[in-house]
1. Going by the alpha-carbon gyration tensor, a ≥ b ≥ c the square roots of its eigenvalues, is region 184-236 rounded (a/c under 1.5) or, if a/c is not under 1.5, prolate (a/b greater than b/c) versus oblate?
2. Hey, what did region 73-130 get for relative contact order, percent, Cα under 8 Å, at least 6 apart?
3. Computed from these coordinates, which is volume of the Cα convex hull per residue in Å³: (1) 196; (2) 181; (3) 140?
4. Once you keep just the Cα pairs under 8 angstrom separated by 6 or more residues, what percentage relative contact order results for region 76-169?
5. Rounded, prolate or oblate, given the Cα gyration tensor of region 1-84, with a/c below 1.5 counting as rounded?
6. Under a crude label model (7 Å from the Cα following the beta-carbon direction), how far is residue 90 from residue 231 in nanometres?
7. What number, in percent, do you get for the relative contact order of region 157-256 if the mean sequence gap of Cα pairs under 8 Å and at least 6 apart is divided by its residue count?
8. If you average the alpha carbon positions of region 43-65 and of region 155-180, how far apart do those two centres end up, in angstrom?
Amino acid sequence: MKIFITKNKNLIYKISAAILLIIAWQLAAIFFPFKFLIASPYTVIIKLASLLKDLKFYRSIFYSFMRIIAGFFISILIGVSLALISHLNSFLNYLNDYIMNIFKATPLACIIVILLIIFSGKYVSIITVILACSPIIYTNFLKGLNTADKNLLEMAKIFEFSKSNKYKYIYMESAKSYFLSSIELTSSMAWKASIAAEILAFPKISMGTAVRNAKIFLDMDTIFAFVVAIIVFSKLSSIISTKFFAYFYDKTRGVS
């Protein structure tokens, strides 16, 4: 009963917070000196309804989503692989740390501009996602490996565990929560990084290109509608990817 009341209370808080934000948004749309710069919640809903009838909207979502997925999965592969290498080799640990810190410290806009000079526009968003997300996955996963329980490692030494079994049953278990935390964070960040890259690179079909075109004509309803859509997809991606990788992580370790 107590758990049920707590869950309902939390749900009420979430709904109340969302309503409060919508009210603040509506007030900003009413009282902002240049009213055409802030679309109201009502006009955004109307615009979203019209976009949902437009095939171009779905095509832009599809192409943006495919770029994000490609960049995100490559980020995971790079981040996890480099973390494992760093955990095994001290010199490479320092080297990888320097590289990852450079990418973490460099402003995203600068990275996108450099990539635009080097690569074709349609690849920039994928590479941007990789450079934005892989350092976070690397750092979190490596931290998880480094915080493995020393008592368990001592026990593994006594029972003569092989190195692979140490990683499978001790190190990987220790890193699980850190890894899933990075997945939850970067799955949302991937959307922000990719859309930002698309706005500057403007590939032929993408959500970022649609936002850029709307900006040229000061079509704030369309811009806000795409922002709402991006937030929704970003949140859904975060929830789905976290659940998927939690399941996949255990399966790869042979844990049910």
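Throughout, read-outs are computed from the coordinates displayed, never taken from laboratory work. What you see is a predicted model, and the numbers here were worked out from it, not measured in a lab. Ideal geometry is used to build each Cβ from the backbone, glycine not excepted, and the neighbour counts take in all protein chains shown.
1. Oblate shape, in that a/c is at least 1.5 and b/c is the bigger or equal ratio.
2. 30 percent
3. Checking each listed value against the structure points to (2).
4. Relative contact order, region 76-169: 39 percent.
5. oblate
6. Result for the modelled spin labels: 4.9 nm.
7. Answer for region 157-256 is 34 percent.
8. 46 Å
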